[in-house]
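Take a look at the structure below.
The values are calculated or read from the model by the stated rules, or taken from the named source; none is laboratory data. All values reported here derive from a predicted model rather than from experimental measurement. Note: ideal-geometry Cβ built from the backbone for every residue, glycine included; neighbour counts use all protein chains shown. Ligands, DNA and RNA are stripped out before the accessible areas are found, and what is left, the full protein with its side chains, is counted by its heavy atoms. Shrake-Rupley method; radii C 1.70, N 1.55, O 1.52, S 1.80 Å.
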Amino acid sequence: MTAQPTFPVEDPASLEVVAHVPDLGADEARAAVDRAAAAFPAWSSTSPRHRSDVLRRAHELMLRDRDELATLISRENGKSLADAAAEVGYAAEFFRWFSEEAVRPGGEYGEAPGGGARTLVSHRPVGVAALVTPWNFPAAMATRKIAPALAAGCTVVLKPAAETPLTALAVARLLTEAGAPDGAVEVVTTTDAPGVVGAWLGDPRVRKVSFTGSTGVGRALLHQAADRVLNASMELGGNAPVVVTEDADLEAAVAGTMVAKFRGGGQACTAANRIYVHADVAFDFLARLGAEVEKLTVGLATDGAAIGPLITATALHRVTEAVDLAVREGARISHRAQLPEAPGYFYPPTVLADVPPDATILREEIFGPVAAVVVWEDEAELLRQVNDTEYGLAAYVFAGELGRAISLGERIEAGMVGINRGLVSDPSAPFGGVKQSGLGREGARDGLREFQETQYLSVDWPR
């Protein structure tokens with residue numbers, strides 16, 4: 001018998017191989033659908049309370065294993081232990097939130113306006129759902145999709161990123177321990193993403209695809225999904241602006257910008273990509289931000305570093321090239337943290353000052369620890385620049401007068417806006433973007449609806 005091929009999972013900080021996992025292909029992907037489809041009738045017919053109890057136990061188990069999961073995330077992703085532990089807590093909250101939503105599937109009862117009939121509306125599980133998750137939040141991106149799918153009564157097949165499959169496998173094991181039946185959550189690890197996902201999108205038993213990743217890949221998946229008119233949710237790229245007004249609390253603005261920019265080393269779709277600071281406070285803001293960046297420790301999570309490596313050598317090259325081009329276009333490096341003596345894919349947290357408003361780095365997602373600062377004076381021109389992008393995922397506004405902050409936020413073309421804070425993600429809120437940053441929402445009640453179909457019964461009702 002031929003041995004199952006495997007692929008290595010590398011620690012991007014030490015460049016050590018953490019583990020080898022099965023390198024599965026289209027045949028195994030279809031076999032995973034076989035198991036998920038076989039499990040769907042029983043799982044979808046269980047009571048909402050039973051599904052809720054399974055998810056609640058999964059939440060408790062994730063918190064029980066928080067330290068082990070955080071270490072695993074740090075090993076395969078490279079992020080700091082503090083960031084990884086925060087991710088585990090955030091990821092577990094999706095199980096708790098959707099355990100509560102599972103018992104509220106919704107529905108309506110009404111009388112037809114013309115009389116003679118009653119309308120009964122219910123929301124039913126869509127069926128087997130194909131989930132595709134990225135490497136930057138290997139726990140949270142999995143639970144943000146798995147939890148609402150299971151709550152709705154769907155079963156799932158999940159393809160985690162090849163860079164970070166170990167966390168997804170660990171989450172699946174916890175779900176089994178929590179009581180999820182065989183076939184309810186099938187994880188397919190692979191280096192052949194097109195082959196595996198293509199097999200799923202072409203399978204008539206798969207009724208839903210939910211993808212988080214780049215806009216380019218999302219467009220390609222939507223083309224494939226269109227052939228089957230497949231229910232699709234897409235959480236795609238971002239180019240998040242930060243706006244700092246002249247009356248902003250600079251201490252709070254800098255603290256919020258540090259979170260929005262450097263959490264996870266800047267490798268997040270919601271990460272601050274363009275920082276617009278009013279001319280009246282730009283010098284002070286830049287000095288304060290630069291001082292905080294220079295304090296950041298860079299290195300291995302096991303050494304207690306605040307900032308880890310980029311995920312791959314390719315990512316390191318891309319960020320290096322983006323900063324070099326920005327400098328050639330007129331920006332200057334005003335502040336930098338120190339790099340460790342380590343073999344990993346490390347890039348120094350960097351502040352770029354004097355960035356021209358038309359610089360290339362402002363139009364492309366950096367996905368690294370680089371803060372590009374632009375000075376503004378005219379609010380109308382500011383909003384034009386902020387909205388001059390095909391993306392519209394997240395944004396951040398720091399202003400002293402709350403009404404003005406809200407007014408600015410409402411005029412920014414983004415699905416999520418942080419007002420005087422550097423975080424927008426919460427399981428109770430509808431996460432998602434506008435324009436080419438995606439379709440649909442994750443989290444909140446909206447997240448459950450993404451895995452449901454609406455049916456109504458028109459009942460004859462004699463007068």
Of the numbered conditions (1) more than 27 Å from Arg57 (Cα to Cα); (2) touching a Leu at 6+ places or on another chain (Cβ under 9 Å); (3) buried (at least 23 other Cβ atoms within 10 Å of the Cβ), Thr167 satisfies every one except a single condition; which is it?
(1)
Could you tell me whether any residue of region 22-31 is of a type in the set (A, V, I, L, M), within 25 Å of Leu316 (Cβ to Cβ), touching a residue at least 12 places away in the same chain (Cβ under 8 Å) and in a loop (DSSP other than H, G, I, E, B)?
no
If I go through region 132-164 residue by residue, how many of them are charged (D, E, K, R) and in a helix (DSSP H, G or I)?
2
Tell me, yes or no, whether region 198-206 has at least one residue that is touching a residue at least 60 places away in the same chain (Cβ under 8 Å), among the small types (Gly, Ala, Ser) and not in a loop (DSSP other than H, G, I, E, B).
yes
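Which one is farthest from Gly299 (Cα to Cα), of the residues in region 326-339 that are under 28 Å from the mean Cα position of the chain (by Cα) and open to solvent by 30 Å² or more (accessible area, probe 1.4 Å)? Even if it seems obvious, please write down each step before you answer.
Narrowing region 326-339 to residues under 28 Å from the mean Cα position of the chain (by Cα): 326, 336-337, 339.
Filter again for open to solvent by 30 Å² or more (accessible area, probe 1.4 Å), leaving 336, 339.
Details: Arg336: 14, Leu339: 7 Å.
Only one residue fits best here, namely Arg336.
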Just to be sure I understand the filter: pairs with C-beta atoms under 8 Å, separated by 6 or more residues or on different chains, first member in region 287-298 and farther than 14 Å from Ala372 by Cα and of a type outside the set (D, E, K, R), second member assigned to a helix (DSSP H, G or I) and open to solvent by less than 40 Å² (accessible area, probe 1.4 Å). Which pairs pass?
Leu296/Phe262
State whether one or more residues within region 78-95 are within 30 Å of Pro204 (Cβ to Cβ) and polar (S, T, N, Q).
no
Evaluation of Thr257 against (1) open to solvent by less than 10 Å² (accessible area, probe 1.4 Å); (2) more than 30 Å from Glu381 (Cβ to Cβ) (one fails), failing number
(2)
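Take Ala129 and decide whether it is outside any loop (DSSP other than H, G, I, E, B), touching a Ser or Thr at 6+ places or on another chain (Cβ under 6 Å) and surrounded by 18 or more Cβ atoms within 10 Å (Cβ to Cβ). Give the steps one after another, and end with the answer.
On the way: outside any loop (DSSP other than H, G, I, E, B): yes; touching a Ser or Thr at 6+ places or on another chain (Cβ under 6 Å): no; surrounded by 18 or more Cβ atoms within 10 Å (Cβ to Cβ): yes.
In short, no.
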Please give the number of the condition Pro309 fails out of (1) in a helix (DSSP H, G or I); (2) open to solvent by less than 10 Å² (accessible area, probe 1.4 Å); (3) in contact with a helix residue (DSSP H, G or I) (Cβ under 8 Å, 6 or more places away or on another chain); (4) under 24 Å from Met141 (Cβ atoms).
(1)
Taking region 358-389, which residues are of a type in the set (A, V, I, L, M, F, W, C) and either open to solvent by 30 Å² or more (accessible area, probe 1.4 Å) or touching a Cys at 6+ places or on another chain (Cβ under 9 Å) (or both)?
Phe367, Val375, Ala380
Give me a count of the residues in region 22-37 that are over 14 Å from Gly202 (Cα atoms) and touching a Lys or Arg at 6+ places or on another chain (Cβ under 6 Å).
1
Quick one: Glu76 ticks every box in (1) free of Cβ contacts under 8 Å to residues at least 40 places away in the same chain; (2) closer than 30 Å to Gly216 by Cα; (3) not aliphatic (A, V, I, L, M) bar one, so which box is it?
(1)
Taking region 420-449, which residues are open to solvent by 50 Å² or more (accessible area, probe 1.4 Å) and touching a helix residue (DSSP H, G or I) at 6+ places or on another chain (Cβ under 7 Å)?
Asn420, Arg421, Leu423, Ser428, Pro430, Gln436, Arg441, Arg445
Residues being open to solvent by less than 50 Å² (accessible area, probe 1.4 Å) and part of a loop (DSSP other than H, G, I, E, B) - total across region 260-306
12
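Here's the yes/no breakdown for (1) among the hydrophobic types (A, V, I, L, M, F, W, C); (2) more than 30 Å from Gly368 (Cα to Cα); (3) at pLDDT 95 or above; (4) open to solvent by less than 20 Å² (accessible area, probe 1.4 Å):
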{"position": "Ile73", "(1), (2), (3), (4)": "yes, no, yes, yes"}
{"position": "Ala91", "(1), (2), (3), (4)": "yes, no, yes, yes"}
{"position": "Phe95", "(1), (2), (3), (4)": "yes, no, yes, yes"}
{"position": "Ser99", "(1), (2), (3), (4)": "no, yes, yes, yes"}
{"position": "Gly107", "(1), (2), (3), (4)": "no, yes, no, no"}
{"position": "Pro138", "(1), (2), (3), (4)": "no, no, yes, yes"}
{"position": "Lys145", "(1), (2), (3), (4)": "no, no, yes, yes"}
{"position": "Leu158", "(1), (2), (3), (4)": "yes, no, yes, yes"}
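Scanning for something among the hydroxyl-bearing types (Ser, Thr, Tyr) and crowded, with 17+ Cβ neighbours inside 10 Å, does region 390-408 turn up at least one residue? Walk me through how you get there before you give the answer.
Within region 390-408, the first condition is being among the hydroxyl-bearing types (Ser, Thr, Tyr), and the residues that meet it are 391, 396, 407.
If we keep only those that are crowded, with 17+ Cβ neighbours inside 10 Å too, we end up with 391, 396.
Yes, that holds for at least one residue.
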First in region 174-189 and under 22 Å from Ala161 (Cβ atoms) and modelled with pLDDT of 95 or more, second anywhere and of a type in the set (Asp, Glu) and outside any loop (DSSP other than H, G, I, E, B), Cβ under 9 Å, 6 or more apart:
Val188/Glu28
Which members of region 450-463 meet the condition of being surrounded by fewer than 20 Cβ atoms within 10 Å (Cβ to Cβ) and not in a strand (DSSP E or B)?
Trp461, Pro462, Arg463
First in region 135-159 and on the phi > 0 side of the Ramachandran plot, second anywhere and open to solvent by 10 Å² or more (accessible area, probe 1.4 Å), Cβ under 7 Å, 6 or more apart
Gly153/Ser44; Gly153/Arg51; Gly153/Pro125
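Check whether at least one residue in region 47-55 is open to solvent by less than 40 Å² (accessible area, probe 1.4 Å), assigned to a helix (DSSP H, G or I) and closer than 12 Å to Trp200 by Cβ, and report yes or no.
Pass one, region 47-55, residues open to solvent by less than 40 Å² (accessible area, probe 1.4 Å): 51-52, 54-55.
If we keep only those that are assigned to a helix (DSSP H, G or I) too, we end up with 51-52, 54-55.
Then keep just the ones that are closer than 12 Å to Trp200 by Cβ; that gives none.
No, that holds for no residue.
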